Amino acid sequence: MRDRYLISIQQNGNLTLIDSVFHKDFFDHTAAASVSGQGRDYVRGIIPHLHSALQEIQIELVHCIWENNVVATTKVLRGKQVGELFDNQPKKTGALIEFMVMGFMTVADGLLREHWAMIGEVGDDDVKPVPRVFEEGETTTTTHR
């Protein structure tokens with residue numbers, strides 16, 4: 001399930017797997033009001049939104065703990081920002097950005113049922129809702145494992 005959600009759906013945008021990963025009563029409790037939503041149709045809408053804002057998405061899973069019916073993850077998302085993301089316009093279209101997401105999900109009937117997430121800059125002790133923007137020629141070489 002982890003790879004289907006993170007890689008196939010979130011990173012690669014494969015919407016055909018949503019029914020096999022997300023519960024029909026899925027609910028996203030994410031703090032940003034513009035991001036919260038429910039149901040599989042919500043997921044079918046938010047994934048294309050992510051891909052319209054970021055190109056060449058890469059997801060690095062830093063931590064994943066699954067105990068009973070709760071899955072906790074820390075991941076780093078990287079990509080070229082070409083559109084509005086989390087209510088932020090790109091500082092420079094096509095700039096490489098990265099941000100860390102700490103998420104919790106509940107599992108019911110073997111499917112993701114609920115989701116909570118907090119987004120911040122990678123390597124920052126204070127959580128900031130704005131992704132890090134890289135200068136031209138600068139690359140992300142840090143791994144967080």
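The values are calculated or read from the model by the stated rules, or taken from the named source; none is laboratory data. Note that the structure is predicted; figures quoted are calculated from it, not measured. A quick note on method: Cβ atoms are made from the backbone with ideal geometry, for glycine too, and the neighbour counts reach across all protein chains shown. Calculation scope for accessible area: heavy atoms of the full protein, side chains included, ligands and nucleic acids excluded. Shrake-Rupley method; radii C 1.70, N 1.55, O 1.52, S 1.80 Å.
Table: residues versus (1) closer than 30 Å to Asp109 by Cα; (2) open to solvent by 60 Å² or more (accessible area, probe 1.4 Å); (3) part of a strand (DSSP E or B).
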position: His63; (1), (2), (3): yes, yes, yes
position: Thr73; (1), (2), (3): yes, no, yes
position: Lys92; (1), (2), (3): no, yes, no
position: Ile97; (1), (2), (3): no, no, yes
Requested in this report: State yes or no: is Val43 assigned to a helix (DSSP H, G or I) and either within 19 Å of Met102 (Cα to Cα) or not hydroxyl-bearing (Ser, Thr, Tyr) (or both)?
Outcome: yes
Query raised in the report: Which of the residues that make up the stretch 99-116 are more than 16 Å from Met1 (Cα to Cα) and open to solvent by less than 20 Å² (accessible area, probe 1.4 Å)?
Result: Phe99, Val101
Query - Residue match in the stretch 12-27 (condition: surrounded by 13 or more Cβ atoms within 10 Å (Cβ to Cβ), among the hydrophobic types (A, V, I, L, M, F, W, C) and under 14 Å from the mean Cα position of the chain (by Cα)) - result: no
